[in-house]
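Asker: Got a structure here, written out as structure tokens. Questions coming.
The values are calculated or read from the model by the stated rules, or taken from the named source; none is laboratory data. This one's a predicted model, so the numbers in the text were calculated from it and none came from an experiment. Glycine gets a Cβ as well: all are built from the backbone with ideal geometry, and neighbour counts include every protein chain shown. We work out accessible area using only protein heavy atoms, side chains counted, and drop any ligands, DNA or RNA first. Shrake-Rupley method; radii C 1.70, N 1.55, O 1.52, S 1.80 Å.
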Amino acid sequence: MAVLALLWGSGFLWIKLALEGGLAPLHITVIRCALGALVLLVLARSAGQSLPRDRRTWGHLVVAAFFCNALPFFLFSVGEQTVDSGVAGVLNATTPLWSFAIGIAIGTERGFRPLRLTGLLLGFAGILLIFAPWHQAGLTGGGALALMAAAVSYAVAFAYMARHLIGRGTAPLALSAAQLVMATGLTLPVLPAATAAPDAPTATAWIAIVVLGIFGTGITFHLNSRLIADEGPTAAATVGYLLPVVSVVLGAIVLSEEIGMRVVAGMAVVLLGVGLTRGRQQGGKQGQKQETDAQAASSVPDPVTNAQTGPSR
């Protein structure tokens with residue numbers, strides 16, 4: 001769990017280093033998707049899992065790959081051009097709040113307790129505290145909005161994947177590999193539009209993107225799968241609470257980012273709200289199991305792993 005949290009939480013640091021080293025957001029998006037797809041294809045083949053062959057599944061993968069990989073990967077890179085990596089990790093942790101809100105809007109969240117609704121309102125209060133639009137130093141620029149849009153994109157993708165992809169008979173590793181292959185295909189044609197830096201990317205930038213693609217996107221899926229198998233979905237979802245802490249600490253140590261008490265307080269409020277929204281509903285054991293599964297899926301912060309942590313477990 002510690003290694004998984006470190007790999008996921010460090011993703012925002014690697015994005016920042018790649019940007020500072022001369023890679024454009026589109027470069028980071030395409031390379032990350034391609035390397036992650038390569039790792040998952042190897043893992044799927046080693047596990048004897050085959051990619052889906054029916055057109056219907058691939059059609060759904062187009063939507064999932066766009067909202068769960070291509071778009072948020074790009075938006076996080078765009079956002080970190082002007083926002084610290086630690087703050088990016090904190091805003092990423094708001095994904096379960098958006099998932100819960102979308103579930104209420106489309107009617108998949110029924111009979112939720114007042115405590116969960118309180119958690120939702122508390123979480124959004126934490127977001128407001130982080131943005132602080134009333135403060136001169138508040139996060140009101142386009143970069144912060146891009147980061148928030150990435151978290152919303154994840155939530156939209158999770159809802160779509162739970163309805164159209166999870167539990168449809170495709171093995172998890174193969175499904176995730178196919179999704180990243182599709183994401184690579186979606187982003188590769190627009191790569192020529194990327195604005196190149198005046199100088200060639202530095203060695204640090206190349207190292208950062210390789211680590212992000214192989215370890216931060218591919219290997220983490222395998223580790224998360226093992227964690228779910230060994231400890232269950234609740235333990236896997238708990239990693240989501242550690243990610244913003246890891247991103248903030250690494251940003252402060254490696255990049256000397258200053259995180260004010262307002263952002264720290266906002267992060268604490270957001271995580272408290274997320275915890276409350278994941279509280280179980282009253283009901284039978286089967287209903288509680290389905291509730292736990294759905295919450296674990298919406299709490300996993302990385303899009304690749306959601307294919308494994310959905311209701312198909």
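Asker: Is one or more of the residues making up region 128-146 within 30 Å of residue 168 (Cβ to Cβ), modelled with pLDDT of 85 or more, buried (at least 23 other Cβ atoms within 10 Å of the Cβ) and out of contact with any strand residue (DSSP E or B) (no Cβ under 8 Å at 6 or more places or on another chain)?
Answerer: Quick first cut of region 128-146, residues within 30 Å of residue 168 (Cβ to Cβ) only: none.
Looking through region 128-146, none of the residues is within 30 Å of residue 168 (Cβ to Cβ), modelled with pLDDT of 85 or more, buried (at least 23 other Cβ atoms within 10 Å of the Cβ) and out of contact with any strand residue (DSSP E or B) (no Cβ under 8 Å at 6 or more places or on another chain).
Asker: While we're on this one: When you look at residue 227, is it at pLDDT below 90, crowded, with 21+ Cβ neighbours inside 10 Å and in contact with a His (Cβ under 9 Å, 6 or more places away or on another chain), yes or no?
Answerer: Details: at pLDDT below 90: yes; crowded, with 21+ Cβ neighbours inside 10 Å: yes; in contact with a His (Cβ under 9 Å, 6 or more places away or on another chain): no.
Here the answer is no, as residue 227 does not meet what is asked.
Asker: Additional query: Does region 100-119 include one or more residues that are open to solvent by less than 10 Å² (accessible area, probe 1.4 Å), within 25 Å of residue 8 (Cβ to Cβ) and of a type in the set (A, V, I, L, M, F, W, C)?
Answerer: yes
Asker: Can you spot a residue in region 185-197 that is at pLDDT below 85 and not aliphatic (A, V, I, L, M)? Full working, then the answer.
Answerer: Filtering region 185-197 for residues at pLDDT below 85 gives 193-197.
Checking which are not aliphatic (A, V, I, L, M) leaves us with 195.
Among the residues of region 185-197, at least one is at pLDDT below 85 and not aliphatic (A, V, I, L, M), which makes the answer yes.
Asker: Another question about this same structure. Tally time: how many residues in region 3-49 are open to solvent by 20 Å² or more (accessible area, probe 1.4 Å) and either among the β-branched types (Val, Ile, Thr) or free of Cβ contacts under 8 Å to residues at least 60 places away in the same chain (or both)?
Answerer: Summing the residues that are open to solvent by 20 Å² or more (accessible area, probe 1.4 Å) and either among the β-branched types (Val, Ile, Thr) or free of Cβ contacts under 8 Å to residues at least 60 places away in the same chain (or both) in region 3-49 gives 7.
Asker: Just the residues that are at pLDDT 80 or above and not in a helix (DSSP H, G or I), please, taken from region 260-290.
Answerer: Once the filter is applied, which keeps residues that are at pLDDT 80 or above and not in a helix (DSSP H, G or I), region 260-290 yields only 260.
Asker: Report whether or not residue 96 is crowded, with 19+ Cβ neighbours inside 10 Å, closer than 21 Å to residue 127 by Cβ and touching a helix residue (DSSP H, G or I) at 6+ places or on another chain (Cβ under 9 Å).
Answerer: yes
Asker: Also, quick follow-up: So residue 82 passes all but one of these: (1) assigned to a helix (DSSP H, G or I); (2) open to solvent by 60 Å² or more (accessible area, probe 1.4 Å); (3) of a type in the set (Val, Ile, Thr). Which condition number does it fail?
Answerer: (1)
Asker: In addition: Of everything in region 150-187 that's under 17 Å from residue 78 (Cα atoms) and aliphatic (A, V, I, L, M), which residue is most open to solvent (accessible area, probe 1.4 Å)?
Answerer: Looking at the filtered set, the residue picked out is 152.
Asker: With respect to residue 221, determine if the residue is open to solvent by 10 Å² or more (accessible area, probe 1.4 Å), part of a helix (DSSP H, G or I) and closer than 28 Å to residue 172 by Cβ.
Answerer: Judged against the criteria, residue 221 is not a match.
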